Amino acid sequence: MRWIVRRIAILSILLACCTLPALAAEAQYGDALMEAEGFSRSGNLYDGSRTNYASADGPATVTVTREGGIAGLYVEFDRIPQSWTLTAPETGESLSCGTNGFLHEYVDMADLGDALPTQVVLEFDQGASIGEIYVFSEGELPDWVQRWELPCEQADLLLISSHSDDEQLFFAGILPYYTLERELNVQVAYVVQHFEANGAADHTRPHEQLDGLWTVGVRHYPVMSQFPDLYAESSNREAALSQALSVYERAGYTYEDFVNYLTWCIRRFQPLVVVSHDQDGEYGHGTHVLCADALGTALTRAADPTYLLATDEAYDPWQVEKTYLHLYPEQQITMDWDTPLESLGGKTPFQMTQEGFACHKSQHWTWFYRWIYGTSSRPIQKAADITSYSPCLYGLYDTKVGPDVVGGDFFENMPSYAQRAQAEAERLAQEQAEAERQAQLAQEQAEAERQAQQQLQEALEAQQRLRTMVKAGVLVVWVCVMILIVRQVLRRRKR
């Protein structure tokens with residue numbers, strides 16, 4: 001009896017194992033051969049450190065060989081790339097890459113054809129600057145491999161952040177909540193670029209910027225201006241703005257340049273909601289103050305059909321429906337970033353943002369680190385624990401859809417683009433259904449009229465037949481009567 005039970009148990013386990021989904025094998029990397037020509041310090045292309053970059057002195061190539069086949073390439077550029085070409089010598093097939101200007105670019109070899117190539121050649125123009133190249137086999141890619149989508153065509157929410165890391169600090173909670181929990185199209189636009197800061201080249205922060213965004217769930221590639229990262233600070237708003245304008249004017253940029261950039265962002269992404277900095281610059285950062293001030297002007301200009309931007313890209317005027325500023329005192333709402341969410345793996349939006357700021361290692365020496373993490377004796381575990389420059393407080397700076405009543409949601413009183421599209425689809429479906437119903441009614445009415453006409457015609461024909469029959473009957477009777485009369489007359493004559 002025991003051996004029967006044991007066999008049944010073993011059989012049950014085997015059947016259960018057969019029903020479990022097979023786990024996807026992880027993609028392998030680090031086992032490819034790379035040969036570079038035309039690069040200075042070519043060993044930096046695959047030394048495991050993207051801050052050690054290699055630059056193309058002229059036309060340059062990287063030949064990648066992997067015996068088991070190449071399923072994908074992940075290139076982390078040091079500077080925004082120009083277009084480059086990837087070719088599989090075995091088939092002659094090639095791909096044009098770099099056209100989107102992504103600093104971190106993943107290339108899927110499936111775009112080359114069905115069979116995985118064992119060798120590919122990457123061709124770059126002079127000036128290409130690359131930090132690292134990873135080669136992957138088939139399988140599930142690591143989470144750190146970023147597969148960016150193009151910037152939004154229509155953004156539900158446009159977050160305008162002065163610097164790389166502000167989106168993880170003063171705007172903590174926004175990105176993971178609205179991208180992962182609410183599944184909205186969120187676009188991030190940066191006021192400055194971090195390839196240079198205060199006159200010095202930076203090879204770290206641009207990577208941290210993308211890593212942080214990817215960590216908190218952003219998938220639409222961010223945009224940034226050409227403005228360098230320059231510093232100005234004052235506890236007085238007017239002084240901070242004046243200092244910021246002064247340092248940027250010395251670098252060749254004016255207030256109008258900032259207004260035009262933000263106007264372009266608004267028209268380009270057609271956001272329903274815009275969120276940006278405190279008018280006092282949080283802790284008084286001049287660029288934050290400049291951003292908030294220029295945004296106020298840009299909101300008006302973006303909606304003005306007579307205002308034309310001096311740019312090759314022409315976008316229609318756009319009226320933002322709601323604009324929130326951090327810490328703005330009027331019509332203030334409090335956001336909840338401390339509720340665990342299933343969409344975030346049981347974490348809170350604030351905890352996700354803490355993971356996002358963890359990517360900004362170059363900034364961990366600043367007071368921002370203590371601001372968002374606290375200390376070992378007094379750790380920050382909730383956004384609500386932060387009292388200075390609270391990431392939970394926002395004010396409704398401008399609205400075209402009425403004031404907030406409930407609070408706690410940037411999208412109160414307004415549906416997202418997806419909801420609008422669904423409502424429009426439902427409206428069109430209802431119109432179509434109503435049109436079909438009316439057509440059916442018209443068809444039924446026409447059929448009823450046809451049948452009524454047919455019945456009338458049949459009745460008239462029946463009436464006509466009846467008249468004919470009556471006439472015939474009368475005639476028969478008349479004939480019969482006449483016959484009787486004639487017979488009577490004839491009988492009388494015989495007598």
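Helix 286-303 and the long axis of the chain differ in direction by around 20°, with both axes built from C-alpha atoms.
In the chain, the DSSP beta bridges split such that about 75 percent are antiparallel, to the nearest 5. A protection proxy built from the mean count of other Cβ atoms within 10 Å ranks the segments 211-220, 236-245, 162-171, 194-203, most packed first, as 162-171, 211-220, 236-245, 194-203. A simple count of charges around GLU196, restricted to other residues whose Cβ falls under 9 Å of its Cβ and scoring Lys, Arg +1 and Asp, Glu -1, yields -2. If the chain linking MET469 and TYR315 were pulled fully straight, counting 0.36 nm for each residue of separation and taking away their Cα-Cα distance, it would gain 47.1 nm. Counting every C-alpha pair in segment 33-136, the share spaced more than 18 angstrom apart comes to 40%. Each part gets one Cα centre, and for segment 265-304 versus segment 464-495 those centres are 110 Å apart.
Summing Lys and Arg as +1 and Asp and Glu as -1 over all other residues whose Cβ lies under 14 Å from the Cβ of GLN126 gives a net charge of -3.
Taking Cα extents along the principal axes in Å straight from the coordinates, which label in (i) 81, 58, 39; (ii) 153, 74, 66; (iii) 82, 57, 46 is the correct one? Correct label is (ii). The Kirkwood hydrodynamic radius of segment 37-91, based on inverse pair distances between different Cα atoms, is 12.8 Å. Normalised by the number of residues in segment 33-136, the mean separation of alpha-carbon contacts (under 8 Å, six or more apart) gives a relative contact order of 40 percent.
The simple Förster model, with R0 at 45 Å and r as the Cβ-Cβ distance, assigns SER377 and THR306 a FRET efficiency of 0.15.
Under a model in which nothing but the beta-carbon of Lys, Arg (+1) and Asp, Glu (-1) is charged, the chain shows a dipole of about 5220 debye around its Cα centre. Each of the peptides 35-41, 389-395 was scored by the mean count of other Cβ atoms within 10 Å over its residues; in descending order, highest first, they stand as 389-395, 35-41. Angle of helix 255-269 to the longest C-alpha principal axis of the chain, folded into 0 to 90 degrees and rounded to 10: 40°. Against the longest principal axis of the chain, how steep is helix 237-250, in degrees 0 to 90 to the nearest 10, with axes from Cα atoms? With rounding to tens, the tilt is 80 degrees. Ignoring lysines fewer than eight residues from LYS400 along the same chain, the ones with Cα atoms less than 30 angstrom from its Cα are LYS322. Compactness check for segment 157-423: Cα Rg over 2.2 N^0.38 Å is 0.96. In vacuo Debye scattering of segment 146-232, one point per C-alpha: log10 I(q)/I(0) at q = 0.14, 0.18, 0.21 Å⁻¹? Calculated log10 I(q)/I(0) at the listed q: -0.46, -0.74, -0.99.
Cβ-Cβ distance of THR339 and TRP144, R₀ of 22 Å, FRET efficiency by 1/(1 + (r/R0)^6): the value works out to about 0.20.
Measuring r between the beta carbons of VAL481 and GLU461 and using R0 = 41 Å, the FRET efficiency lands at 0.85. Straight-distance candidates among the aspartates and glutamates for linking to LYS361, with alpha-carbon spacing under 19 Å and chain neighbours fewer than 8 residues away dropped: GLU76, ASP78, GLU132, ASP143, ASP165, ASP166, GLU167, GLU196, ASP202, GLU208, ASP211, ASP229. For GLU35, the shell of other residues with beta-carbons less than 14 Å away shows a net charge of -1, using +1 for Lys and Arg and -1 for Asp and Glu.
None of the figures in this text is laboratory data; all of them are computed from the coordinates on show. These figures come from a predicted structure and were not determined experimentally. No Cβ is skipped: glycine too gets one built from the backbone with ideal geometry, and neighbour counts run over all protein chains shown.
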